[in-house]
Amino acid sequence: MKQKLILIISVVIGLLAAFLTRSYLAAKDKEVQRWKAEFDQKNRRILVAAVKKDLPTGTLLAKADIGQLSVIETSVRGHIVKIEDYLTLIGRKTVRPLQKDSPVFWSDIEGGEPGARGLAGDIKQRMRAVSINVSGAASVSGMVKPNDHVDVLGTFSFPSKTAPGEMELVTLTILQDVLVLATGRETAKSLLTADPRAGAAFNMVTLEVTPREAEMLAFSEQIKGRLSLALRNPDDVYFEKTLPRVDFQMIQTEIESLNTFRQQQLLRKRAD
């Protein structure tokens, strides 16, 4: 009987020891998991945008320049560019040299973080943003986009030089090779995150011009002129030095020579 009691006590003590050991180990496991969670939180890694090569100040960033880098979140200062936002860097300039494999911060980019300064941050120094009314055919069937370059043409009703007291329509090229900052409310930045299949209708185009050019455009609209845009190839920087006023008389006298010149150009292209 005594031996059975000893055996029962031994079993009970063993079970109690196992329970206490298991409880101790479970408590330690929870403590380790807590330490691990705290460590992971303090050392959480994120993917950020980084440059693939050394870039000097003033570099216009292209998609090929941007890579990704895994960093500890708490180790990076300021406003770093996360990898999901890298498309907003394309077409923007650096304001300081960037070393290969270094992360990109918004302070490294001209204009800073998108939305921080709005469109104003994209306007170059000593330039101005001016909006003009254009729609339909006047905006190349709405195919003009932010970052395109255009010529601005104006058609006006002026006093006739040949018939005193009468008015005549005259078309002039007002400005050449002008940067489009926005179409309606769409900017180059907003288009990066927009659905490319979704077309946006607009009747206003915002251009980047000098203060004097801004005055000319404002006056052109005040005299009820009709402004139109001529879309340019982005690589075409050719500037026409002498462009005449186009009126009915000029069309009558010049149309034959213009068509002859055009045919000569087409034949030369075909021969090449």
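The values are calculated or read from the model by the stated rules, or taken from the named source; none is laboratory data. The model shown is predicted, which means the values in this text are computed figures rather than measured ones. Reconstructed Cβ throughout: ideal geometry from the backbone, glycine too, with neighbour counts over all protein chains shown.
Odds and ends about this structure:
- Test: residue in the stretch 184-192 that is modelled with pLDDT of 90 or more and either outside the structural domain of Asp235 (by TED's automatic domain parsing) or of a type outside the set (Val, Ile, Thr) (or both): no
- Met143 fulfils the conditions (1) within 20 Å of the chain's Cα centre (by Cα); (2) surrounded by fewer than 12 Cβ atoms within 10 Å (Cβ to Cβ); (3) at pLDDT 90 or above except for a single criterion, (3).
Listed here are the residues, each with its yes/no results for (1) loosely packed, with under 10 Cβ neighbours inside 10 Å; (2) in contact with a Lys or Arg (Cβ under 6 Å, 6 or more places away or on another chain); (3) part of a loop (DSSP other than H, G, I, E, B); (4) modelled with pLDDT of 75 or more.
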| residue | (1), (2), (3), (4) |
| --- | --- |
| Gln3 | yes, no, no, no |
| Leu20 | no, no, no, no |
| Gly67 | no, yes, no, yes |
| Gly91 | no, no, yes, yes |
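- Check on Ile132, within 28 Å of Thr59 (Cα to Cα), at pLDDT 80 or above and of a type in the set (A, V, I, L, M, F, W, C): no
- Unique residue being within 20 Å of Ala230 (Cα to Cα), of a type in the set (Val, Ile, Thr), free of Cβ contacts under 8 Å to residues at least 40 places away in the same chain and crowded, with 18+ Cβ neighbours inside 10 Å when the list is Val178, Val170: Val178
- Flag if Val144 is part of a strand (DSSP E or B) and either in contact (Cβ under 8 Å) with a residue 60 or more places away in the chain or of a type in the set (Val, Ile, Thr) (or both): no
- In summary, Asn43 fulfils each of the numbered conditions (1) loosely packed, with under 11 Cβ neighbours inside 10 Å; (2) modelled with pLDDT under 70 with the single exception of condition (1).
- Looking only at the stretch 201-215, and only at residues there that are more than 19 Å from the chain's Cα centre (by Cα) and over 15 Å from Arg185 (Cα atoms), the one that is surrounded by the fewest Cβ atoms within 10 Å (Cβ to Cβ): Arg212
Quick grid of which residues meet (1) at pLDDT below 85; (2) over 30 Å from Thr183 (Cα atoms); (3) assigned by TED's automatic domain parsing to the domain that holds Val140:
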{"position": "Leu227", "(1), (2), (3)": "no, no, yes"}
{"position": "Asn233", "(1), (2), (3)": "no, no, yes"}
{"position": "Val246", "(1), (2), (3)": "yes, no, no"}
{"position": "Met250", "(1), (2), (3)": "yes, yes, no"}
{"position": "Leu258", "(1), (2), (3)": "yes, yes, no"}
{"position": "Arg262", "(1), (2), (3)": "yes, yes, no"}
{"position": "Lys269", "(1), (2), (3)": "yes, yes, no"}
{"position": "Asp272", "(1), (2), (3)": "yes, yes, no"}
